[in-house]
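Q: I have a structure I would like to understand better, so I am pasting it below and will then ask my questions one at a time.
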Amino acid sequence: MSAGAPEGAASAPAPAPSGLRDRHRAVMPEWLALYYRDPLEITHGEGRHVWDAEGRRYLDFFGGILTTMTAHALPEVTKAVGDQAGRILHTSTLYLDRHMVELAERIAALSGIPDARVFFTTSGTEANDAALLLATTHRRSNQVLAMRNSYHGRSFASIAITGNADWSPTSLSPLQTLYVHGGIRTRGPFAHLSDARFIEACVADLEDVLAQTHGNVAALIAEPVQGVGGFTAPPDGLYAAFREVLAPRGILWITDEVQTGWGRTGDHFWGWQAHARSGPPDVLTFAKGIGNGMSVGGVVARAEVMNCLEANSISTFGGSPVTMAAGLANLTYLLEHDLQGNARRVGGLLIERLRAVAAGLPVVREVRGRGLMIGMELVGDDGSPSPEAAALTLEAARELGLLVGKGGRDGNTLRIAPPMTLTITEAEEGAALLEEALRRAQHAISGKERP
């Protein structure tokens, strides 16, 4: 076992027990991806650690795709779920629910959107779909602006605004989508510019795109930090500059906070607040971390926008009593324990540590991110994007007892997003394990002797 590996960590991955992988493949879609050559069955977790079916322990630096926001088996959340499940599991939005109203009140106040209304869904995909319905209905237009390299979900409408080709399985669309520059700071035609000039160039591109429309664009939807896209972000202020172009035309700004919300970036509670010069967005979508594993998503919008639907609309499962109890307990814990501040402090230390690691490894092109939302872009010996290096590092990290994610436009970026209760000791441990995993990948792709 390598130095620094957690006690009980896997020395080598084991195949899924009882042929579970084969059973999965026999009944699940071919396109339903599984991580690792020998896929992992996670059976339980506690804090920042999870265990597999063979009893091996792993330090979790991905949190079920940024969803286990506070901690695995957080007592406050599990108790809220158990207590509510013992009373009633389901009612639907046709009935009043105290937890749903209380959680909506808190989210509305935190959102920064004046006269806000909240609609709960079961996922980020559904939240973005609902936001598109609101924007296109309010504006009486199916034209939508989206960012290149973006990802907003897997529904028919959200795929239509996804700018990452690897996650867009069809060109058919209910929308006319117009893609603009700005989501990736360090690649593309404007990468060589200063931040100020970068913003100017992206605004000019936006204005050029708008000049080619009939002037009735519904909205711009954007992730403040692109999640699936590899944790890329524009310079602070870009979306404020966009808003100054969009607002006079009545075009709505939808901020997709499914991955960036709830203080994960450390500096801000919402990703949009890095672009706050022109005020809050018109619509905000959220999901993932608020439920800490329970299926909670939602949309916040100005009353004028939220109330524009004239047909009947309810949600059978959005805002269920159990998930709302979980969300309320989780948000309360996050605020009372200042997890945003922890993300800023521990995340800042982790980014510094990973940049020090990268300085001695040519396989790492860039370490980027904020708080506990960190991307490591990997390249081959020729400097070109290397999905192979990312895959090798993912496997090596798992062997060492560390779970990370991957993404990016070319599938070459490691995605690091631990639960926000991560300790300094765990950050140091994870960085050491990741360094060893990267060294193994470096050796594999270069064929050079390891130092």
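No lab work stands behind these numbers, since they all come straight from the coordinates. Nothing here was measured: the structure is a model prediction, and the numbers come from that model. In this analysis, Cβ positions are derived from the backbone assuming ideal geometry, glycine residues included, and neighbour counts consider all displayed protein chains.
Q: In the chain, if the dipole is taken from +1 on Lys/Arg beta carbons and -1 on Asp/Glu beta carbons about the Cα centre, which of G261, T125, A204 is farthest to the positive end?
A: A204
Q: If the viscosity is 1.002 mPa s and the temperature 20 °C, what translational diffusion coefficient in µm²/s does Stokes-Einstein give for region 76-336 when Rh comes from Kirkwood over Cα pairs? Mind showing how you got there, number by number?
A: Numbers: Rh = 18.7 Å.
The diffusion coefficient I find is 115 µm²/s.
Q: Then there is this: Read phi for every residue in region 159-164 and hand back ³J(HN,Hα) as whole Hz from Karplus 6.51 cos²θ - 1.76 cosθ + 1.60, θ = phi - 60°, with x for Gly and Pro.
A: With the stated coefficients, region 159-164 comes to 5, 5, 10, 8, x, 9 Hz.
Q: May I ask which residue of H275, H192, G19 lies farthest towards the positive end of the charge dipole of the chain, with charges of +1 (Lys, Arg) and -1 (Asp, Glu) on Cβ and the Cα centre as origin?
A: Value: H192.
Q: Roughly speaking, what is the centre-to-centre gap between region 371-434 and region 123-182 when only Cα atoms are used, to the nearest Å?
A: Cα centroid to Cα centroid, the span is 28 Å.
Q: Per-residue counts of other Cβ atoms within 10 Å, averaged by peptide: what ranking do you get for 390-402, 67-79, highest first?
A: Values: 390-402: 23.5, 67-79: 20.8.
Order by mean packing, descending: 390-402, 67-79.
Q: From Cα pairs below 8 angstrom and at least 6 apart in sequence, can you work out the relative contact order of the chain, rounded to a whole percent?
A: Details: 953 pairs, mean separation 98.6, N = 451.
It comes to 22 percent, rounded to a whole number.
Q: Considering all projection directions equally, how large on average is the shadow of the alpha-carbon convex hull of the chain, in square nanometres?
A: If I average the Cα hull's projected area over directions, I get 21.8 nm².
Q: Whole-Hz Karplus ³J(HN,Hα) for region 148-154, in order, using 6.51 cos²θ - 1.76 cosθ + 1.60 and θ = phi - 60°, x for Gly and Pro?
A: Using θ = phi - 60°, the values come out as 5, 6, 7, 9, 10, x, 10 Hz.
Q: Which one of L339, V322, L175 is farthest out on the positive end of the charge dipole of the chain, using unit charges on Cβ (Lys, Arg +1; Asp, Glu -1) and the Cα centre as origin?
A: So the residue furthest toward the plus end is L175.
Q: Contact order normalised by length for region 327-376, with contacts defined as Cα pairs under 8 Å and 6 or more residues apart; what percent is it?
A: Values: 38 pairs, mean separation 16.6, N = 50.
Over region 327-376, the number comes to 33 percent.
Q: How high is the relative contact order of region 76-336, given as a whole-number percent (alpha carbon pairs under 8 Å, six or more residues apart)? Provide the component values of the computation, followed by the final result.
A: Working: 516 pairs, mean separation 81.8, N = 261.
Relative contact order here is 31 percent.
Q: Whole-Hz Karplus ³J(HN,Hα) for region 192-197, in order, using 6.51 cos²θ - 1.76 cosθ + 1.60 and θ = phi - 60°, x for Gly and Pro?
A: For region 192-197, the Karplus-derived couplings read 7, 7, 5, 4, 5, 5 Hz, x marking Gly and Pro.
Q: Additional query: Could you please report the charge total around G297, scoring K, R as +1 and D, E as -1 over all other residues with beta-carbon less than 14 angstrom from its beta-carbon? Mind showing how you got there, number by number?
A: Numbers: positive: R154, K288; negative: E126, D129, D256, E257.
For residues surrounding G297, the net value is -2.
Q: From the helices alone, meaning DSSP H stretches of at least four residues, give me the mean residue ellipticity at 222 nm for the chain, per-run term -39500 (n - 2.57), in deg cm²/dmol to the nearest 500.
A: One gets -11000 deg cm²/dmol as the mean residue ellipticity at 222 nm.
Q: Given Cβ point charges of +1 (Lys, Arg) and -1 (Asp, Glu) and nothing else, what value in debye, to the nearest 20, does the dipole of region 76-336 about its Cα centre take? Spell out each step's value before the answer.
A: Working: 18 positive and 24 negative charges, 44 e Å.
Here the size comes out at about 220 debye.
Q: Which value, in debye to the nearest 20, gives the size of the charge dipole of the chain about its Cα centre, when Lys and Arg are +1 and Asp and Glu are -1 at the Cβ? Spell out each step's value before the answer.
A: On the way: 40 positive and 49 negative charges, 42 e Å.
So the magnitude is around 200 debye.
Q: At a 10 angstrom cut-off on C-beta neighbours, averaged per residue, how do the peptides 221-231, 425-435 rank from highest to lowest? Walk me through the numbers on the way to the answer.
A: Values: 221-231: 27.1, 425-435: 20.5.
Going from most to least packed, we get 221-231, 425-435.
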